[in-house]
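**Student:** My questions all concern the structure below.
The values are calculated or read from the model by the stated rules, or taken from the named source; none is laboratory data. As the structure is a prediction and not an experimental result, all values here were calculated from the model. Virtual Cβ from ideal backbone geometry, glycine too; neighbours counted across all protein chains shown.
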Amino acid sequence: MTTALRPAPSARNVAFAVIRDVFGPEARGAAESLDRHLRKSSLDPRDRAFVTELAYGTIERRRWLDWQLEPYLGARAAKLPQMIAEILRLGTYQLRAMRVHEYAAVSESVQLARRFGHPGTAGLVNAVLRRVATDPERPVTEADFASADDLLGTRASLPTWIVRMWRERFGDAQLQAILDGVNRPAATGLSIDRRKTTRDATIARLAEYGIGAVRSAFAADAIVLTAAVPTPALREALGDRAELHSEAACFPVDLLDPQPGERILEACSGRGNKTLQLASAIGDRGTIVSIDTDARKISRAQARLAEAGVSSVTLRTGDASALDGSETFDAILVDAPCSGLGIIGRQPEARWRKSPDDGARLAPAQRALIDAAARALAPGGRLVYAVCSTDPREGEGVIDPFLAAHPDLERAALPERYAPLATPAGDVLVAPGIEGRDGFFIAVMRRR
């Protein structure tokens, strides 16, 4: 082991506090918890970076860490107090995945064990981590697992059922690239405000600040950064020219192809990311009705629209599945609530909070939303259904029965640039992790 990093002692306390929040009774999000604890700390930028890597890595690599610890704990692992188990994971991640000072990793883990346990558990932590510090990393080999999916799930630190679903969905040829990709930082995407700039002008502007960026090969208003950039520096470079928006999340509006003067409906508008993208696409000339059940999200979207100077949007708090067809629209976007299986690479805790039953549980609400959208779609109108999930029950499992029940609607031809992402049926399926993208399913339809 090396001694490259010597973070402040309080740094590990902050990382442990984040892990306690994530896996505690309130089950907070890692990003929310990290932000809260860092704001209360006096850590310098280097220690903040250390905390972020340690907390996120320990959360994300949970299954792999338990595999590393299993030889030293055996049957005792199931009986350990949760806090002691988390401390062992925290220490093991430092020793086996980060370049840290060995003495500090062990001794400060022991101090945490004394604080949250008793002398006996502190002694256990000391004995186990000293072995972890000196023994070689435990390999993940085929002989130790009943199936290839268990093997890959342990190696990539993912639930076996997710690995199995991705194997069935994308095939063996893409599976390893997906597993590697969701364990790397996701790419940062931007959606430009086409009222104010162009992609080339924005890329040139970013270059002046030393920020590399390229055009998306798919969405006409999307840019992808070539390396991670701190948000404050990015905001300084961008001004009001663009919004943070992952590349794949830009695809649904791009495929809807909204035009100036049209009446557009956005179901499940959330905090307004796609709302701003819609307004940009039509040059703020037309009518956009955006609906969401969450009044707080509507309030946030209202503030963002006002800040951007957008006047074409009417926000409504309500349930889009209750639409009765009394209003009709030329273009409708249903960005449906979903399992979020396609974005687990952006949230370290997400992989541990998903369930194999999520797709089946959410599909009925998704069907209700798209059925309501069909009632509101004008003759010749366009309808896009999108979920940030790769679960087929939320994709073709919703769309195929919907089209069978609505013979007056059909799949529309995709733009040629989306051919690499097209399914045999003519939908768009984005594999998570590939080139830093999120996983998405998008169906583009039109009324005959």
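**Student:** Using beta carbons and a limit of 9 Å, which pairs, at least six apart or on different chains, have the first residue in region 158-178 and within 22 Å of ASP357 (Cα to Cα) and the second one part of a helix (DSSP H, G or I) and aromatic (Phe, Trp, Tyr)?
**Tutor:** Sorted first by the residue in region 158-178, then by its partner, the pairs are LEU158/TRP166; PRO159/TRP352; LEU175/TRP166; ILE178/TRP166; ILE178/PHE170.
**Student:** Please go through region 11-52 and give me each residue that is among the charged types (D, E, K, R) and in contact (Cβ under 8 Å) with a residue 60 or more places away in the chain, ordered by number. Write out each step before concluding.
**Tutor:** Start the filter on region 11-52 by keeping residues that are among the charged types (D, E, K, R), which leaves 12, 20-21, 26, 28, 32, 35-36, 39-40, 44, 46-48.
Those that are among the charged types (D, E, K, R) and in contact (Cβ under 8 Å) with a residue 60 or more places away in the chain: ARG12, ARG20.
**Student:** Determine if region 136-151 includes at least one residue that is in a helix (DSSP H, G or I), under 17 Å from PRO432 (Cβ atoms) and either in the same structural domain as LEU80 (by TED's automatic domain parsing) or under 30 Å from the mean Cα position of the chain (by Cα) (or both). Let's see the steps before the verdict.
**Tutor:** Here is the first cut: in region 136-151, the ones in a helix (DSSP H, G or I) are 142-144, 148-151.
From what's left, under 17 Å from PRO432 (Cβ atoms): 149.
When the remaining residues are screened for being either in the same structural domain as LEU80 (by TED's automatic domain parsing) or under 30 Å from the mean Cα position of the chain (by Cα) (or both), the result is 149.
Yes: one or more hits.
**Student:** May I pose another question? State all residues of region 380-407 that are out of contact with any strand residue (DSSP E or B) (no Cβ under 6 Å at 6 or more places or on another chain) and assigned to a loop (DSSP other than H, G, I, E, B); if no residue qualifies, say none.
**Tutor:** SER389, THR390, ASP391, HIS406, PRO407 - these are the residues of region 380-407 that are out of contact with any strand residue (DSSP E or B) (no Cβ under 6 Å at 6 or more places or on another chain) and assigned to a loop (DSSP other than H, G, I, E, B).
**Student:** Residues being touching a residue at least 12 places away in the same chain (Cβ under 8 Å), closer than 25 Å to ARG393 by Cα and not in a loop (DSSP other than H, G, I, E, B): count how many of those fall in region 308-354.
**Tutor:** Adding up the residues that qualify gives 16.
**Student:** What number of residues within region 29-58 are at pLDDT below 95 and assigned to a loop (DSSP other than H, G, I, E, B)?
**Tutor:** Looking only at that region, the number is 4.
**Student:** Could you please find all residues in region 92-127 being surrounded by fewer than 23 Cβ atoms within 10 Å (Cβ to Cβ) and among the polar types (S, T, N, Q)?
**Tutor:** Of everything in region 92-127, those that are surrounded by fewer than 23 Cβ atoms within 10 Å (Cβ to Cβ) and among the polar types (S, T, N, Q) turn out to be SER107, GLN111, THR121, ASN126.
**Student:** Which condition from (1) over 30 Å from THR141 (Cβ atoms); (2) touching a residue at least 60 places away in the same chain (Cβ under 8 Å); (3) β-branched (Val, Ile, Thr) is the one that VAL110 breaks?
**Tutor:** Against the list (1) over 30 Å from THR141 (Cβ atoms); (2) touching a residue at least 60 places away in the same chain (Cβ under 8 Å); (3) β-branched (Val, Ile, Thr), VAL110 comes up short only on (2).
**Student:** Then there's this: Restricting attention to region 153-199, and to residues there that are acidic (Asp, Glu) and farther than 22 Å from TRP67 by Cα, which single residue is surrounded by the fewest Cβ atoms within 10 Å (Cβ to Cβ)?
**Tutor:** Narrowing region 153-199 to residues acidic (Asp, Glu): 168, 172, 180, 193.
Applying the additional criterion that residues be farther than 22 Å from TRP67 by Cα yields 168, 172, 193.
Numbers: GLU168: 11, ASP172: 8, ASP193: 24.
Among them, the one singled out is ASP172.
**Student:** Filter region 332-357 for residues that are over 13 Å from the mean Cα position of the chain (by Cα) and of a type outside the set (A, V, I, L, M, F, W, C) and give the result.
**Tutor:** ASP335, PRO337, SER355, PRO356, ASP357
**Student:** May I ask you to say which residue of ALA360, ALA368 is under 22 Å from the mean Cα position of the chain (by Cα) and aliphatic (A, V, I, L, M)?
**Tutor:** ALA360
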